[in-house]
Amino acid sequence: MNENNGNRTWRKDPSFWGTRFRLIQPNLRKIDAKGLDVRALMDEIAEWGANAVLVNGGGIVAWYPTDHPHQAVNEYLETDFVAEALEAAHERGMRVLVRMDVSKSYPQLLERHPDWFRRDAEGRVATHWEMLTTCPTGPFWEDYNFRVVEELLGRYPDIDGIFYNAFGYLRCYCERCKRLFKEATGYELPLREDWDDPAWRAFVRYRYDRHADYNRRLAEFIDRVSPGTVLTIDTHVTLDSSAFIRESGWYTPQFASANACITSEAFNFLDRPYPRWVYWAGEETKIGGHIAQTCIILSYSKTIYSRRAAQPAPQIGYDLMQIAANGGSPAVAFSGMFDQDDRQSLPMIRRVYTFLRDHEDEYAAMKPLADVAIVYSQRTADVYGRERPAERWQDHYRGMYEMLAHSHIPFTVLHEGSVTLEKLKTFKCVLLPNIAAMTDEEAALFDRYVEEGGHLICTFETGRYDETGRERPEPALRCIGRTVTGKLDDPYSYLVMRDKRWLEEYPETDLLLFTGPFLATAPRPDAAGPLAEDLFGVPSVRNTTPEFAYWETTEDMPGLTIHACGRGTAAYLPWGPDKLYRDLGVPECRSLVAGLVKRAAGELTAACDAPREVELQIAARGEGGYLIHLLNGVGARGGPLTETVPVSGVSVRVRGAVRSARSLVTGEACPVETDGEASVITVPRLELFDAIITE
Ligand SMILES: [Zn+2]
């Protein structure tokens, strides 16, 4: 096989990147090159169950002998690492992505190439750590990068793909960047984020477009120089900070169209904000999966500044299984190789990777199932979220996600850029968590979805703004049957229910805690009467002296309306039950929304009685039957998951007749009972995760 490889018999296969591959990235430090045994490294990666590897290439530090003087060859390198890695990986049947990085370069190049580097508004070169960051329109990106890639692909035609690290279109105030922006939009490059400034709004759009264009040109160049070699880049589909995604110029659906797959980080560093968003890896997989095959890269490191300290084992196992259960491709990036200073989580990663390898056929063929979709709106985070996207938008969206996950409702997430009528019609119910900014076309699509039999649940200011963030005179969605007459700030202390059916899980309560803004609404003149109207406000009791905690009147403005529209329905909650759940964990909000979903969607594909922190994921197996995942996040308490709290006797109810069920983890059969049209599977004991197949 050695000889064959020398004779270039390796067959590149771009379609591989559309499969559920398993990738490991030994992100080598310069010093790791000393006495490096590449074959032994590749042996180990293959033994761990990976079928793809991401290796150091070039850009800042070259891991091969290069003719380009501005990428410094690693001084510890004793051989041609790229050549050896390709050969050894290919011998073991693994595909290879070669890592490039053009985000930064060396200070000593500034004098000769001042136009390579980014400038701040005062004209100073922008630095990162001890390096200079590069201008995304300058010769470094537009020429130098292409020459380096050309060299790599010319020398190593067997490279399966090029991966770019830190591939962000950062703001640059050099003369060229200013001129290009003015030519494209007519505006001066805005100096700061100001959402009232049309130049800023134009800049946000411009950067998404320009970066996607660069990415497309680079992908085309790579394929031209070395047909079949793909491009993929280091990105974030979602992040705690959506401002970072915007500042990097990533609008996922637009961006991903030129890449072989999405490669998105979910580096679950310990210094992320509390309470930790625990669904990140699965969430990015869900969103990405509607756009392209999605590979989520996890970091072995605890933080970026402590790269040699390991993630807690349960956390990384949980994250890996979120990716797999949602049909994604898992990846783990290590600082260095397997000879870690902190080895505590190596066995977990190896265990999950070999598990996924041993059941490769199941994972290759499975299709995630969802009765319900939540819409994710990057645009709303931008033009409506403005300076406070987390508080104004993301909390609504994340709260909605948590409510469905905690209710074990099979759901997925659609990026607004991947919404089509055809796609919407595959869901019984679609949720719009304060999707404030939408185009007329998108609104018409949702209206049509409802007219043709779909069910929509919208919260707060959904549809009240256009795509530029301008307030509309009327909400864009006709199907909700309401107009907005005003916005009340914290007007109520409670919402009281006239009909107890809205909170079936809490029959002993007549009201919901309320705080936050509330939209006053009135019937739309052209709308038919509502199917339901309820949840009326109790005016704020601001004097909370115990003797005064009562009320004598309630308002008549509904906090819930349901309208029929064509063959479907639209429920509208003109406040933020999603945000209240995220911020305060108000359990009745979850019960309310889950109840509305179940009322709209009817019998769900699956349900279970596990604790709320156990995620239920269901997929269709290739040959019929289900692949059911239970992911046990019990015990995270807002921080990282550091232990597994076993759960006993979980019942999973699935639609249809199931003859038998078996755990892929333990190999043991699970008891199955029939209940009418459904089947109930019992999982006797759940550790960190289980994967159950049914016949
Ligand atoms: Zn520039």
Ranked by how many other beta carbons lie within 10 Å on average, peptides 661-671, 591-601 from highest: 591-601, 661-671
Per-residue Cβ neighbour rank within 10 angstrom, fewest leading, His128, His113: His128, His113
Shape parameters for segment 161-208, alpha-carbon atoms, Rg then Dmax in Å: 12.4, 42
Difference of contour (0.36 nm per residue) and Cα-Cα distance, Glu47 to Asp609: 198.6 nm
In segment 173-213, the trypsin sites (Lys or Arg not before Pro) that fall in loop regions by DSSP, at most 15 other Cβ within 10 Å: Arg192
Where chymotrypsin sites (Phe, Trp or Tyr not before Pro) fall in DSSP loop in segment 563-616, at most 14 other Cβ within 10 Å: none
Paramagnetic reach from Glu508 in segment 584-613 [backbone N under 15 Å; point 7 Å along Cα→Cβ]: 588
Whole-Hz ³J(HN,Hα) from phi, Karplus 6.51 cos²θ - 1.76 cosθ + 1.60, for segment 306-323, glycine and proline x: 10, 5, 9, 9, 8, 4, x, 4, x, 4, 6, x, 5, 5, 4, 6, 4, 5
Charged-residue dipole, Cβ positions (Lys, Arg, Asp, Glu), the chain about Cα centre, Debye nearest 20: 560
Length added when fully stretched, Arg39-Trp551, from 0.36 nm per residue minus Cα-Cα: 176.7 nm
Relative packing of peptides 88-95, 503-510 - highest average C-beta neighbours within 10 Å first: 88-95, 503-510
Options Met94, Ile31, Thr66, ranked by Cα towards positive dipole end of segment 1-106, top entry (Cβ charges): Met94
Principal axes of segment 606-694: Cα extent on each, largest first, Å: 39, 23, 20
13 Å Cα-Cα reach of Lys579 towards aspartates and glutamates, excluding residues that sit fewer than 8 places from it in its own chain: Glu391, Asp395, Glu402, Glu461, Glu588
Spatially proximal lysines relative to Lys178 (Cα-Cα < 22 Å; intrachain offsets below 8 disregarded): Lys104
Peptides ranked, highest mean first, by Cβ atoms within 10 Å: ranges 271-282, 452-463, 26-37: 452-463, 271-282, 26-37
Kirkwood hydrodynamic radius of segment 176-330, Cα pairs, Å: 17.3
Within segment 315-335, backbone nitrogen closer than 19 Å to the virtual label 7 Å beyond the Cα of Asp342 toward Cβ: 315-320, 332-335
Relative contact order computed over segment 615-695 (Cα-Cα under 8 Å; 6+ residues apart), in percent: 36
Sorted by Cβ density within 10 Å, fewest first, the residues Ile24, Ile60: Ile60, Ile24
For Val413, distant residues with modelled amide H under 5 Å away: Ile287, Ile374
Estimated vicinal HN-Hα couplings, Hz - segment 454-469 in sequence order (Karplus 6.51, -1.76, 1.60; Gly, Pro = x): x, 10, 10, 10, 10, 10, 6, 8, 3, x, 7, 10, 8, 6, 9, x
Within straight-line cross-link reach of Lys182, aspartates and glutamates at Cα separation under 20 Å, skipping those fewer than 8 residues along the same chain: Asp115, Asp120, Glu122, Glu142, Glu193, Asp194, Asp196, Asp197, Asp209, Asp213, Glu247
Stretchable slack from Leu191 to Arg501, in nm (0.36 nm times residue separation minus alpha-carbon distance): 106.3 nm
Spacing of the two label points (7 Å from each Cα toward its C-beta) at Thr303 and Glu175, in nm: 4.2
Debye log10 I(q)/I(0) for the chain, one point scatterer per Cα, at q = 0.08 Å⁻¹: -0.66
Column: log10 I(q)/I(0), Debye, Cα scatterers of segment 372-601, q = 0.07 Å⁻¹: -0.20
Rounded to whole Hz, the Karplus (6.51, -1.76, 1.60) HN-Hα couplings of segment 556-572, x for glycine and proline: 10, 8, x, x, 8, 10, 10, 10, 7, 8, x, 9, x, 9, 10, 9, 10
Pairwise FRET efficiency - Ala522 versus Ala620, Cβ, R0 = 41 Å, nearest 0.05: 0.40
Surface/4 estimate of mean projected area, convex hull on alpha-carbon atoms of segment 509-642, nm²: 13.2
Volume of the Cα convex hull of segment 354-458, divided per residue and given in Å³: 127
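Read-outs: derived from the displayed coordinates by stated rules, not from any lab. Computed from a predicted model, the values in this text were never measured in an experiment. As a convention, Cβ positions derive from the backbone with ideal geometry for all residues, glycine included, and neighbour counts pool all protein chains shown.
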